[in-house]
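Written below as structure tokens is the structure these notes are about.
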Amino acid sequence: AQKVTQAQTEISVVEKEDVTLDCVYETRDTTYYLFWYKQPPSGELVFLIRRNSFDEQNEISGRYSWNFQKSTSSFNFTITASQVVDSAVYFCALSGSLNYGGSQGNLIFGKGTKLSVKP
Amino acid sequence: DTGVSQNPRHKITKRGQNVTFRCDPISEHNRLYWYRQTLGQGPEFLTYFQNEAQLEKSRLLSDRFSAERPKGSFSTLEIQRTEQGDSAMYLCASSYILAGGGSYNEQFFGPGTRLTVL
């Protein structure tokens, strides 16, 4: 079975602090994909970043960075120098491997972490 | 292209009534997904289409729920004989999958339809 766990329910930080959102996943697939989505108060899920299971290279994109570790089944997401506009619920998601016309591809989401950035 | 659109944005109905939601995906996307999100939870998968074919349904999708995607373009999700437990945000997402797979399947979401069953 596939499962995503986001143990942090709510995090509150002051603007300009760095914040790391934790994500732990479970899957039996050897090839899989991991994602982070942001859901601001307006409600629309916004795609942020993605990673595939065979590429553990960590990257930085602007103020966002992520740390993917297969050994611990973790895919943590860091926002550097947080801003008030970063306040939202952040979801980690997992997808199984894809085959064209196959039966997989739906995202398995965690319960989300609500981030509040205060001025 | 302006992204995935959903209509209506809000729907209030009485228990026992039928409701229908519409999703217009990003035009070149060949996959379309429906999810349901309740308060404080992450979205849960309901069903998805590859072009016009419905390929998978979650066990969450009871026989009161039906989805269509005629001609592989827009999709509709109908709930018959609504129950209070159906109250949720219904999200639509679309993605583009290359033939042979191997795509990341980044799914782009619409704003959702919030259903309230009284």
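Readers should treat all values here as calculations from the given coordinates under stated rules, not as data from a laboratory. Since we're looking at a predicted model, the values are computed, not measured. All Cβ positions, even for glycine, are placed from backbone atoms using ideal geometry, and neighbour counts span all protein chains on display.
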Please indicate, with yes or no, whether at least one residue in the range B:4-17 is in contact with a Leu (Cβ under 6 Å, 6 or more places away or on another chain) and part of a strand (DSSP E or B). yes
Test A:Ser65 against the criterion of being in contact (Cβ under 8 Å) with a residue 40 or more places away in the chain and under 16 Å from the mean Cα position of the chain (by Cα), and give yes or no. no
Quick one: which residue in B:Gln37, B:Gln54, B:Gln84 is within 25 Å of A:Gln39 (Cα to Cα) and either of a type in the set (Ser, Thr, Tyr) or within 12 Å of another protein chain (Cβ to nearest Cβ) (or both)? B:Gln37
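Can you tell which of B:Ser27, B:Ser94 is away from chain A (no Cβ under 11 Å), crowded, with 19+ Cβ neighbours inside 10 Å and either assigned to a loop (DSSP other than H, G, I, E, B) or touching a residue at least 60 places away in the same chain (Cβ under 8 Å) (or both)?
Details: B:Ser27 fails: crowded, with 19+ Cβ neighbours inside 10 Å.
Checking each option against the conditions leaves just B:Ser94.
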